[in-house]
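Okay, structure first, notes after.
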Amino acid sequence: MNAPLPFDALAIDRLSDSSLHRQLYERIQGAIDDGRLAAEARLPSTRNLAAQLGVARGTVDAVYARLAGEGRLVSRRHSGTIVTPGLDPASSRTPEASSSAPNPPHGPAWSPLQLGLPALDLFPRKPWTRIHARQARQLSAAEMLYPDPMGLPALREAIAAYLAVSRGITCATDQIVVTHGFQDALNLTAELVLKPGDAVWTEDPGYGFAQRTLAARGMAITAVPVDEEGLCVDWGRTHAPDARLAVVTPTHQFPTGVALSPRRRRELLDWAAISERWVLEDDYDCEFHYSGRKPTALKALDLQDRVFYVGSFSKTLLPSLRLGYLVLPPQLVEAARTAQQLRHRGVAMFEQMAVAEFMRQGHFARHLRRMMLAYKARRAALVPALERRFGERIEIVLRPGGLHVLARFPHSDVSDVELARRALESGLKPSPLSGQCLCHDLGQGLLLSFTNVAEDRADDVAAALFRALI
């Protein structure tokens, strides 16, 4: 084990304009990246370091959590916090906002402004690690066998209770299938209610992965336009009246962020009630709504049992868990059970047990509250930073919820695809709006996630984007 870094190497400058968090983060990050803190080097405990530097323990906790989220640090029960074993300093460097160099080929797996990721620095490693360790020690013989293909009963019960409180969805435990994420839920839905050649409505712009998955199964994709009220149901009725399924994101439409209006919700449910049509509701980021009343889940309004409801732990915990869930219409429970037995032997038991216990102990609810406050603050920091840097060159579309903002560049004659490419060369990873469209043009713009842009990095990220694009 390597010796810890001396306290004086982490000294804080009280006269600096930089926040205490940022100074400490940059000092530890720099020591790791230049090799002064080698792999497996032990860091001081958060209590000791806070006392030595004269800062709040919470500041040190937040810095350690941020570096752990970047893969630089790990916490071990008996060894304390150490630099990640086997870490290569050259490959661990996060793209600096002041750099114009592209990501190294073996660099970090994520970049600032990248869509689809929760805040990695906010993941509650301590309770998660504690639960995992306890589960491993107490694993019974029965829990070492093949899991229930429908999912661990304890996790399904926890999900049912969570949905009843957070989304107003009342469902029996046996209506819930634990899945490997959205793709698994989509494939199961297709197996239950579709056959090759069936027409499916998808939102345009929309989640391209869903469109490609259904197309690969032989479905006829109808790209239904989206406006300020969400999916244009009348358009779908006119252009694909025989469609069997509609795939929608009614709470925060991806990527525009609009909510499906009450009128459109009624129209969609009425359409589904005719001739055994179905709706798949992807409620992928419903937990993160910052102003006004959160839109009601479509499933909560589903009196005719025509809606499949999909949720995921990818945006609330970690994408690498590959855990999600599907709430079935009750008339399809037995068909789903048969299909699950033929599709695979269920989701890994250990991860299900950990998430169930994490929810039972209240950690999940606390984690969501913490993320909500952090995301609201991060968005509130990044948006004005962009507006200060770009001035009249940028127009930012803000919605009441979601995990990203839409930035348009009204005076630019450069395509959003090219803008995204330039940003990527500078270590940033926004997504072009046009890349989410199949048939209906919504103009040019960049989708910017704020989840992994800490408040004290907002100005740096905005400056880096400005240098890359202008």
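The values are calculated or read from the model by the stated rules, or taken from the named source; none is laboratory data. Model, not experiment: these values are computed from the prediction. Cβ atoms come from the backbone with ideal geometry, glycine included; neighbour counts cover every protein chain shown. To get the accessible areas, we keep the full protein, side chains included, count just its heavy atoms, and leave off ligands, DNA and RNA. Shrake-Rupley method; radii C 1.70, N 1.55, O 1.52, S 1.80 Å.
What are the residues whose amide H is under 5 Å from the amide H of residue 204, where those residues sit 5 or more places off or on another chain and H is modelled from the backbone?
Under 5 Å from the amide H of residue 204 lie the amide H atoms of 224, 226, each far enough along the sequence or on another chain.
What do the square roots of 5 times the Cα gyration tensor eigenvalues come to for segment 215-343, in whole Å, largest first, as semi-axes of the equivalent ellipsoid?
Ellipsoid semi-axes (Å, largest first): 22, 21, 15.
Could you tell me the calculated FRET efficiency between residue 234 and residue 408, based on Cβ-Cβ distance and R0 = 30 angstrom, to the nearest 0.05?
So, using R0 = 30 Å, E works out to roughly 0.65.
Order of 444-450, 351-357 by packing, highest average Cβ count within 10 Å first?
444-450, 351-357
Using alpha-carbon pairs under 8 Å, 6+ residues apart, how would you state the relative contact order of segment 324-465 in percent?
Relative contact order, segment 324-465: 23 percent.
Using a 1.4 Å probe on the protein chains only, how many percent of the accessible area of segment 125-194 belongs to carbon and sulfur?
After summing per-atom areas, the C and S share lands at 56 percent.
Arrange the peptides 81-88, 278-285, 338-345 so that the one whose residues have, on average, the most other Cβ atoms within 10 Å appears first. Spell out each step's value before the answer.
Working: 81-88: 16.2, 278-285: 24.1, 338-345: 13.1.
In descending order of packing, they fall as 278-285, 81-88, 338-345.
Between the alpha-carbon centers of segment 147-216 and segment 318-384, tell me the distance in whole angstrom.
Between the Cα centre of segment 147-216 and that of segment 318-384, the gap is 11 Å.
Using a Förster radius of 35 Å, what is the FRET efficiency between residue 172 and residue 291 based on their Cβ-Cβ separation? Nearest 0.05, please.
Result of the calculation: an efficiency of 0.55.
Could you work out the relative contact order of the chain, using alpha carbon pairs under 8 angstrom and six or more residues apart, expressed as a whole percent?
In percent, rounded to a whole number, it is 19.
For residue 292, what is the net charge nearby, where nearby means another residue's Cβ is under 14 Å from its Cβ and Lys, Arg count +1, Asp, Glu -1?
Overall, the nearby charge balance is +4.
Nothing charged except the Cβ atoms of Lys and Arg (+1) and of Asp and Glu (-1): what's the magnitude of the dipole of segment 122-191 about its Cα centre? Round to the nearest 20 debye.
On the way: 7 positive and 6 negative charges, 123 e Å.
Using Cβ point charges on Lys, Arg, Asp and Glu, segment 122-191 gives about 600 debye.
What is the spin-label model distance, in nm, from residue 344 to residue 365 if the labels are put 7 Å beyond Cα along the C-beta direction?
3.1
Using all alpha carbons of segment 198-276, what is the percent of pairwise distances in each 5 Å bin, ordered from the shortest bin to the longest?
3, 17, 29, 25, 19, 6, 0
Compute the accessible area per residue over the chain, keeping the other protein chains in place, probe 1.4 Å, unit Å².
43
With no solvent and one equal point scatterer placed on each C-alpha of the chain, evaluate the Debye formula and give log10 I(q)/I(0) for q = 0.07 Å⁻¹, two decimals.
Treating every Cα as an identical point scatterer, log10 I(q)/I(0) equals -0.40.
On a 23 Å Cα-Cα criterion, which of the cross-link pairs 315/376; 294/429; 126/294 come out too long?
294/429; 126/294
About its Cα centre, what dipole magnitude does the chain give when the only charges are +1 on Lys and Arg Cβ and -1 on Asp and Glu Cβ, stated in debye to the nearest 20? Numbers along the way, then the final one.
Numbers: 55 positive and 51 negative charges, 292 e Å.
That gives a dipole near 1400 debye.
With angles folded into 0 to 90 degrees, how steeply does helix 262-272 sit against the dominant principal axis of the chain? Use alpha carbons for both and round to 10.
Result, in degrees: 50.
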